[in-house]
Each structure stands twice: as structure tokens, then as C-alpha cells.
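The values are calculated or read from the model by the stated rules, or taken from the named source; none is laboratory data. In this text, all values refer to a predicted model and were calculated from it rather than measured experimentally. Note that each Cβ is placed from the backbone with ideal geometry, even for glycine, and that neighbours are counted across all protein chains shown.
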Amino acid sequence: MKKVAVVMGSSSDLKVMEEAVIVLKELGVECDVDIVSAHRTPEKMFEFARTAHEKGVKVIIAGAGGAAHLPGMIASLTPLPVIGVPVKSSNSIDGWDSVLSILQMPAGVPVATVALNGARNAGILAAQILGAQDEEIRKRIIDFKKGLEEKVKVMSEEVRRKF
């Protein structure tokens, strides 16, 4: 298994969650991707969460919409850091139910929570967590952030020239 596991509750979450996979690949971090439903496949979720660290996973990104129990349930069962991605789904209350379900965790069961549909930031955060111990990943994060700075400089120059 790869260092980052990206899981979601349904294939309908894939459009959002693939952004985490894309940025992880851009940063040279391999990941495994799977569907693990807290409600429809609880035994699979239990097995995944309890054994991920034994398989070499270092960070879990879990996305879910609606009631969005997946990130919190995984966090309750694993010693690994979990990043929750609230997904605005078709049965969602404008995404707020997902945000609050992931954000409002009880003491002792933390889930780092990114913005609604913020899987790209979840991927970056996972790489930064790995980069705290892995110099090669850290260097790629530094370069990535320099690239962001350069993009803003270009945008700034374009706007200033326009006006």
C-alpha cells in the first residue's frame, strides 16, 4: 500500500476526491484510492482503518457527503492522521451537513478538515505531513509553494498592466 490512502463513501464522490490524487501525483506522492462506505460496507471500513498503518499508509484522506461519517469513523479506529473532505452531494443540505459532520468531532478523535469539496488542499496537506519526515517530499512542497508565488506574481503583473 502507498503512503497516502484516499477513500470515499461512494463513486459519486470521485469527481471531488480525484483532485487529491492529482495533486499528490504532481508532488510525487503515490496513493491508493478506494471506496469505503461507513454505512454500506462497515466491515470493510473497520478492516481498512484498523490495518492501514500495518500496510505502510502514513496519512488517510477520507471524503464523504451527506451525513459524512466516514472520516470520523476511520479516525476512531486508526492511529494515523485523517484528513476529512466534506463533499457537497446530491442529498446534501448545501454541503453544510457534510462540513459539520466532519468538523465537529468529539475530544480524542481529531479529523483535520478542509473546505467543502477541498480535496486538492487535502492532498497538499497530506504531502506536507509526509514532508515533515521525508526530505524529498518536503523539497517538492517548497518548489510547489514557490510555483504558487510565481503564479501570483504573473497575475499581479497582468492586473497592473490592465489598469
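Observations
Conditions tested, residue by residue: (1) over 19 Å from Ala5 (Cα atoms); (2) surrounded by 10 or more Cβ atoms within 10 Å (Cβ to Cβ).
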residue: Leu70; (1), (2): no, yes
residue: Ser76; (1), (2): no, yes
residue: Ala119; (1), (2): no, yes
residue: Met155; (1), (2): yes, yes
residue: Val159; (1), (2): yes, no
residue: Lys162; (1), (2): yes, no
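- Flag: Lys25 matches the condition of being surrounded by fewer than 22 Cβ atoms within 10 Å (Cβ to Cβ) and free of Cβ contacts under 8 Å to residues at least 24 places away in the same chain.
- Annotation: Met155 fulfils all but one of (1) within 28 Å of Gly9 (Cβ to Cβ); (2) assigned to a helix (DSSP H, G or I); (3) not aromatic (Phe, Trp, Tyr); the unmet one is (1).
- Single residue of Pro81, Pro106 found to be without any contact (Cβ under 8 Å) to a residue 24 or more places away in the chain, within 22 Å of Met45 (Cβ to Cβ) and not aromatic (Phe, Trp, Tyr): Pro106
- Candidates Leu125, Leu80, Leu130: the one that is in contact with a Lys or Arg (Cβ under 7 Å, 6 or more places away or on another chain) and not in a loop (DSSP other than H, G, I, E, B) is Leu130.
- Residues in the range 37-60 that are assigned to a loop (DSSP other than H, G, I, E, B) and within 14 Å of the chain's Cα centre (by Cα): Val57, Lys58.
- Selected residue (only one of Ser101, Ser92 is hydroxyl-bearing (Ser, Thr, Tyr), modelled with pLDDT under 95, surrounded by 18 or more Cβ atoms within 10 Å (Cβ to Cβ) and in a loop (DSSP other than H, G, I, E, B)): Ser92
- Qualifying residue in the range 32-47 (condition: touching a Leu at 6+ places or on another chain (Cβ under 9 Å) and within 24 Å of Ala132 (Cα to Cα)): yes
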